[in-house]
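What follows draws every value from the coordinates through simple rules; no lab data is involved. Computed from a predicted structure; not experimentally measured. No Cβ is skipped: glycine too gets one built from the backbone with ideal geometry, and neighbour counts run over all protein chains shown.
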Amino acid sequence: MKTVQDVLNALDKITGGRVIKSLNDITRGDHPFVIQKSSNLPGKEIIETPGLVYGNMNNKVKKIAVTMTMTEGSIELAGVTGVDAIIAHHPIAEAANSGGVKLKDYLDLYNISVFELHEAFHGLHPGISYLHGHEVYRKDISYGGVHGNILFVGKTLPEVNTLGDILTRLDTFMGLQEEDELLFMEKEIRNNTSVIETSVVTRGRIVCGEENSSVNNIAHIFPHTGFTTDHLRQVIKEHPEVDTVLASISRVYDGHTLIETAKELGLNFVVGNCHVLEILENGLPLAYALDMLLPDVEVVVFRERVTSLPVRTMGTPQMKQYAEQMATKYLVHKEVSKLS
Ligand SMILES: [Fe+2]
Ligand SMILES: [Fe+2]
């Protein structure tokens with residue numbers, strides 16, 4: 001029977017020794033993957049601690065769930081399906097990732113151990129560029145000295161010649177046709193044509209250039225990691241062969257300075273996969289690796305699917321009435337209590 005310790009060992013093997021081994025690794029201040037994330041909002045900062053976040057090393061593990069972001073939904077699903085350990089890609093914070101309550105109280109209730117593996121997992125495999133149709137010949141994980149600001153410069157794969165080829169490739173790999181069909185069925189079943197689903201609405205698109213514009217060398221950026229127009233100008237100085245900027249995980253919208261700068265520099269600009277597809281890009285390879293390293297442990301993947309609905313179209317007729325009554329009687333018309 002495998003234990004939490006065995007899962008930790010597997011993660012350490014996958015990352016080539018990047019997980020923390022003791023409290024000392026967190027407090028010493030020099031572990032390269034123990035990283036503070038802070039926007040300087042009081043009480044909201046977090047320290048990434050790759051490896052075991054909560055749980056006892058000797059606990060038995062028969063079933064593991066890999067997820068992107070742990071939520072109360074993940075904890076409930078784990079509890080009811082007998083998952084002993086959740087491995088989240090995105091870092092875990094008290095209450096934020098445990099339904100507003102302490103991790104300890106919620107996880108002890110269902111006897112679940114929790115691991116996180118974020119920056120320590122990034123860059124371990126070349127899958128993100130492969131899926132987007134290029135092979136990286138320059139990789140920087142702190143471009144311009146900004147930690148986590150990832151830059152890939154890559155040459156297109158032989159089968160990728162145009163911007164359209166990139167988008168077709170992504171649609172095929174990501175199964176967006178299936179997501180389209182699923183959304184279509186959902187609209188039918190819910191009798192609601194206004195449902196919007198993330199992976200469908202954020203599918204890749206060409207911002208500058210045409211479907212048949214040729215593409216050879218790509219600067220692949222991740223705008224949410226702090227990539228600026230100055231960085232883009234610098235990349236083009238260092239790599240004048242680049243003809244296309246590709247933004248994935250996050251993207252920029254019309255009018256953004258990165259698009260304007262790409263236009264000025266005569267570059268194509270393409271938006272690739274959205275963050276919601278990282279469960280396929282990074283989650284699935286991680287889950288496969290665990291499945292290979294821990295053959296007697298069952299591995300499942302928790303996949304989120306987020307939809308948007310206009311407020312008054314959601315729920316059964318009874319729930320619409322319920323929400324209306326609660327809001328009217330107790331939330332909107334109540335006396336404004338004075339703060340003393
Ligand atoms: Fe990631
Ligand atoms: Fe992510």
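If the segment from residue 296 to residue 59 were pulled out straight at 0.36 nm per residue, it would be longer than the present Cα-Cα gap by 83.8 nm. Between residue 45 and residue 109, the contour length at 0.36 nm per residue exceeds the alpha carbon distance by 20.4 nm. Helical content of the chain, expressed as a calculated mean residue ellipticity at 222 nm, amounts to -9000 deg cm²/dmol (DSSP H runs of 4 or more residues, -39,500 (n - 2.57) each, divided by residue number, nearest 500). Result for the chain in a Gaussian network model with C-alpha springs under 10 Å: among 318, 177, 36, the largest mean-square fluctuation is at 318.
So which of 2/104; 60/102; 21/102; 102/187; 187/263 end up more than 32 Å apart, counting from Cα to Cα?
Over 32 Å Cα-Cα: 102/187; 187/263.
Using a simple spin-label model with pseudo-atoms 7 Å out from Cα toward Cβ, residue 332 and residue 155 lie 6.4 nm apart. The HN-Hα couplings worked out from phi for segment 189-194 by the Karplus form 6.51 cos²θ - 1.76 cosθ + 1.60 (θ = phi - 60°) are 5, 7, 6, 8, 7, 8 Hz, whole numbers, x standing for Gly and Pro.
Here segment 1-73 and segment 243-293 have alpha carbon centers that stand 25 Å from each other.
Amide H contacts under 5 Å for residue 53: 114, 115, 116, restricted to partners 5 or more places along the chain or on a different chain, H placed in the peptide plane at 1.01 Å from N. Placing a label point 7 Å from the Cα of residue 312 along the Cα-to-Cβ direction, the residues of segment 184-226 whose backbone N falls under 17 Å of that point are 192-195. For segment 171-180, the Karplus equation 6.51 cos²θ - 1.76 cosθ + 1.60, evaluated at θ = phi - 60°, returns couplings of 4, 5, 4, 7, x, 5, 4, 5, 5, 4 Hz by residue, with Gly and Pro reported as x. Only one residue of 300, 55, 91 has its Cα farthest out toward the positive end of the dipole of the chain, where Lys and Arg carry +1 and Asp and Glu -1 on Cβ, and that residue is 55. The H on the amide N of residue 70, modeled in the peptide plane, is under 5 Å from the matching H of 90, each at least 5 residues off or on a different chain.
Once the Cβ-Cβ distance of residue 260 and residue 284 is raised to the sixth power relative to R0 = 30 Å, the FRET efficiency obtained is 0.25. Between residue 194 and residue 322, the simple spin-label model (points 7 angstrom out along Cα→Cβ) gives 2.1 nm. Computed from the C-beta positions of residue 24 and residue 140, the FRET efficiency with R₀ = 41 Å rounds to 0.85.
Of the residues 84, 291, 105, the one that moves most in a GNM of the chain with alpha-carbon contacts below 10 Å is 105. HN-Hα J couplings of segment 215-229 from phi, Karplus 6.51/-1.76/1.60, θ = phi - 60°, integer Hz, Gly and Pro as x? Here the 3J(HN,Hα) series is 9, 10, 10, 10, 9, 9, 10, 10, x, 6, 8, x, 7, 10, 5 Hz.
Between 134, 122, 31, the GNM of the chain built on Cα springs shorter than 10 angstrom shows 31 fluctuating the most.
Seen from all directions on average, segment 127-275 presents a Cα convex hull projection of 9.1 nm². Please list, by residue number, every one of the GluC sites (Glu not before Pro) in segment 232-292 that is coil in DSSP and has at most 13 other beta-carbon atoms within 10 Å. Hits after loop and neighbour filter: 241. Under the criterion of Cα pairs below 8 Å and six or more residues apart, the relative contact order for the chain equals 16 percent.
Between residue 201 and residue 13, the contour length at 0.36 nm per residue exceeds the Cα-Cα span by 64.0 nm. For residue 62, the residues 5 or more places off, or on other chains, whose built amide H falls under 5 Å of its own are 84.
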